[in-house]
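Taking it in order: structure first as structure tokens, then the write-up.
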Amino acid sequence: MDPVPDCLFCRIVTREIPADLVLEWEDVLAFRDVNPQAAVHVLVIPKEHIPSLAALEQRHDRLLATLVGAVNEVARQDAVDGGFRVVTNIGPDAGQSVDHLHLHVLGGRSFGWPPG
Ligand code: AMP
């Protein structure tokens, strides 16, 4: 799918908007969140515009595995040895603010449960 012109994360993929990149693979990009909620807060996204995790189709199975691999690579690079949390918000009730699938990788502190 082509980049969506008014999608913030598509514009990061096309480099129209700068980001603090930490990893780039063929189908996946990872960059630091501009408003970090932990010492490590990285967003892992597919380059393809997919609105959320709920919009994944069977054809994305390999991409999904690659995204998970990128999450683990980010955690390894940032040495979040004490553990880390992976979050993806889907829709307004969950607080999704950017409609391009992204996995938050959070680490460097302890987290409460249940989440707020
Ligand atoms: P969500 O609310 O789950 O959709 O997460 C969107 C995330 O994108 C938030 O944590 C924002 O801080 C982050 N964000 C928004 N704009 C940018 C940007 N230009 N670069 C990096 N992160 C961003």
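Of the residues making up segment 63-80, none is within 12 Å of the ligand (Cβ to nearest atom) and either modelled with pLDDT under 95 or within 11 Å of the chain's Cα centre (by Cα) (or both).
Scanning segment 90-112 for residues that are within 16 Å of the chain's Cα centre (by Cα) and either free of Cβ contacts under 8 Å to residues at least 12 places away in the same chain or open to solvent by 60 Å² or more (accessible area, probe 1.4 Å) (or both) yields Ile90, Ala94, Gly95, Ser97, Asp99. Once segment 1-59 is narrowed to residues that are surrounded by fewer than 18 Cβ atoms within 10 Å (Cβ to Cβ) and of a type in the set (Gly, Ala, Ser), the residue that is nearest to the ligand (Cβ to nearest atom) is Ser52. Applying the criterion of being charged (D, E, K, R) and in a loop (DSSP other than H, G, I, E, B) to the residues of segment 81-116, the residue that is modelled with the lowest pLDDT is Asp81. Listed by first and then second residue, the pairs linking a residue in segment 3-19 that is assigned to a helix (DSSP H, G or I) to a residue that is surrounded by fewer than 17 Cβ atoms within 10 Å (Cβ to Cβ) and among the aliphatic types (A, V, I, L, M), with Cβ atoms under 6 Å apart and 6 or more places separating them unless they lie on different chains, are Leu8/Val98; Phe9/Val98; Cys10/Val4; Arg11/Ile17.
The values are calculated or read from the model by the stated rules, or taken from the named source; none is laboratory data. Quick caveat: nothing in here was measured; it's all calculated off a predicted structure. No Cβ is skipped: glycine too gets one built from the backbone with ideal geometry, and neighbour counts run over all protein chains shown. We work out accessible area using only protein heavy atoms, side chains counted, and drop any ligands, DNA or RNA first. Shrake-Rupley method; radii C 1.70, N 1.55, O 1.52, S 1.80 Å.
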